[in-house]
Amino acid sequence: MSMESIARAGEIAKTVVYNLFGDVDGALKALFAREQQRMFDAVVAAVPMPPFRDEPATLMLAALHQILDDVRLRPDSWRLLLVPAPGTPPGVRSAIESHRRRLVALLRPGVRWALVRYDAEHLDEELLAHTAIAAVEHAVRLALEDPADFGIDRIIGSAAEAITLVRDRLGSDR
């Protein structure tokens, strides 16, 4: 990657690229920041917000489906951040962790609501929010690395079965 290749790909003068980004590192930082924000915005758009009108399982599956649809539409963006290449700058990894912390805070009200609904308030809502993020990230990686074997239908179907088992264990009459 060079400033010249960036300019050529953008069909602009190399001086414009230098003025915008300074150097290749500046261009990479801008690329990562843009893609991180796009991913974060896609996840935030999928996360249900109060007031919750459907069952927790319905909301969770709809959110997962929406995220996987975005992965299908923009796999390179998701791959860039969830399957980072060796040598990914530490600042990128730090920004990803910052986004995860923001997502935990965003998910906690919904997790708390679901736990109350299923009389399971004794469970750790923060840990469950982290677990949900890790599970979705892993599902996305599987879909990126082997979409023929780990398609949306398979992932959603398996998640639906797992959620049903947990819901039935906790009590679905609430």
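The values are calculated or read from the model by the stated rules, or taken from the named source; none is laboratory data. Not measured: the values here are computed from a predicted model. Please note: Cβ atoms are built from the backbone with ideal geometry, for glycine as well, and neighbour counts cover all protein chains shown. Keep in mind that these areas ignore ligands, DNA and RNA; they rest on the heavy atoms of the full protein, side chains included. Shrake-Rupley method; radii C 1.70, N 1.55, O 1.52, S 1.80 Å.
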Open item on the list: Need the failing condition index for A129 against (1) exposed (fewer than 15 other Cβ atoms within 10 Å of the Cβ); (2) more than 18 Å from R34 (Cα to Cα); (3) within 15 Å of the chain's Cα centre (by Cα), just the number.
Closed with: (1)
Open item on the list: Restricting to the range 50-70, and then to whatever is within 15 Å of the chain's Cα centre (by Cα) and either outside any helix (DSSP H, G or I) or among the acidic types (D, E) (or both), can you tell me which residue is surrounded by the fewest Cβ atoms within 10 Å (Cβ to Cβ)?
Closed with: D69
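Would you tally the residues in the range 133-160 being hydrophobic (A, V, I, L, M, F, W, C), without any contact (Cβ under 8 Å) to a residue 40 or more places away in the chain and either open to solvent by less than 70 Å² (accessible area, probe 1.4 Å) or within 15 Å of E55 (Cβ to Cβ) (or both)? Before you say what the answer is, go through the steps one by one.
Of all residues in the range 133-160, those hydrophobic (A, V, I, L, M, F, W, C) come to 133-136, 139-140, 142-144, 148, 150, 152, 155-156, 159-160.
The next check asks that each one be without any contact (Cβ under 8 Å) to a residue 40 or more places away in the chain; those that pass are 133-135, 142, 148, 150.
From what's left, either open to solvent by less than 70 Å² (accessible area, probe 1.4 Å) or within 15 Å of E55 (Cβ to Cβ) (or both): 133-135, 142, 150.
Within the range 133-160, residues that are hydrophobic (A, V, I, L, M, F, W, C), without any contact (Cβ under 8 Å) to a residue 40 or more places away in the chain and either open to solvent by less than 70 Å² (accessible area, probe 1.4 Å) or within 15 Å of E55 (Cβ to Cβ) (or both) number 5.
Could you tell me whether A120 is in contact with a Leu (Cβ under 6 Å, 6 or more places away or on another chain), open to solvent by less than 50 Å² (accessible area, probe 1.4 Å), not β-branched (V, I, T) and not in a helix (DSSP H, G or I)? Spell out how you get there, then give the answer.
Details: in contact with a Leu (Cβ under 6 Å, 6 or more places away or on another chain): yes; open to solvent by less than 50 Å² (accessible area, probe 1.4 Å): yes; not β-branched (V, I, T): yes; not in a helix (DSSP H, G or I): yes.
Here the answer is yes, as A120 does meet what is asked.
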Task: Odd one out for P48, checked against (1) modelled with pLDDT of 95 or more; (2) more than 16 Å from I155 (Cβ to Cβ) - done: (1)
- [ ] Quick one: in the range 3-49, of everything that is outside any helix (DSSP H, G or I), open to solvent by less than 50 Å² (accessible area, probe 1.4 Å) and of a type outside the set (A, V, I, L, M), which residue is nearest to L64 (Cα to Cα)?
- [x] P48
Open item on the list: Condition check: open to solvent by less than 60 Å² (accessible area, probe 1.4 Å) and either without any contact (Cβ under 8 Å) to a residue 24 or more places away in the chain or within 18 Å of the chain's Cα centre (by Cα) (or both). Does I163 satisfy that?
Closed with: no
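Regarding A85, is this residue free of Cβ contacts under 8 Å to residues at least 40 places away in the same chain and surrounded by 13 or more Cβ atoms within 10 Å (Cβ to Cβ)? Let's see the steps before the verdict.
Working: free of Cβ contacts under 8 Å to residues at least 40 places away in the same chain: yes; surrounded by 13 or more Cβ atoms within 10 Å (Cβ to Cβ): no.
No: the conditions fail for A85.
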